[in-house]
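The values are calculated or read from the model by the stated rules, or taken from the named source; none is laboratory data. Bear in mind that the values here come from a model prediction, so they are computed numbers and not experimental data. Note that we place each Cβ from the backbone using ideal geometry, even for glycine, and neighbour counts take in every protein chain shown.
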Amino acid sequence: MSSSNQNAANQSSMDEWPLWEVFVRSKSGLDHKHCGSLHAADAQMAIQLARDVYTRRLEGCSVWVVRSDQIVASDPADKDMYFDPMEDKVYRHPTFYKLPSEVDHM
């Protein structure tokens, strides 16, 4: 790549709005689900764009947006360290709890 093309590519990436991940909660009491990504200049614009793009038919009651570069994730190679110790703690399994009849979405 020539230096002028590289400079243009660098300038283009600097001019792009940051990427935001969008999470929508379909009903009160349920969890938010990741439904996509979009580019926006700031958080307020990201919320507005997410509402317009992902909840056009009243399919949501709450929208979360988070900048993609702010998400921190575990490394899949560290799976054993994070998840295997849970198997020896049977009290954490939901089989020990009786859910009330009012809780119908779990």
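Filter the range 13-50 down to residues that are among the polar types (S, T, N, Q) and either surrounded by 11 or more Cβ atoms within 10 Å (Cβ to Cβ) or not in a helix (DSSP H, G or I) (or both), then give me how many there are. Total meeting the criteria: 4.
Residue count for the range 42-71, restricted to those that are polar (S, T, N, Q) and within 19 Å of D31 (Cα to Cα): 2. Pairs are defined by a Cβ separation below 8 Å, a sequence spacing of at least 6 or placement on different chains, a first member in the range 36-61 that is farther than 23 Å from D15 by Cα, and a second member that is part of a loop (DSSP other than H, G, I, E, B) and charged (D, E, K, R); the pairs so defined are C61/K27.
The selection criterion, being over 21 Å from the mean Cα position of the chain (by Cα), assigned to a helix (DSSP H, G or I) and either at pLDDT below 90 or closer than 30 Å to L19 by Cα (or both), does not hold for E102. Scan the range 17-42 residue by residue and report those that are in contact with a helix residue (DSSP H, G or I) (Cβ under 6 Å, 6 or more places away or on another chain) and more than 19 Å from R56 (Cα to Cα). Selection gives L19 alone.
Taking the criterion of being within 28 Å of V103 (Cα to Cα) and exposed (fewer than 13 other Cβ atoms within 10 Å of the Cβ), the residues of the range 57-75 that qualify are R57, L58, E59.
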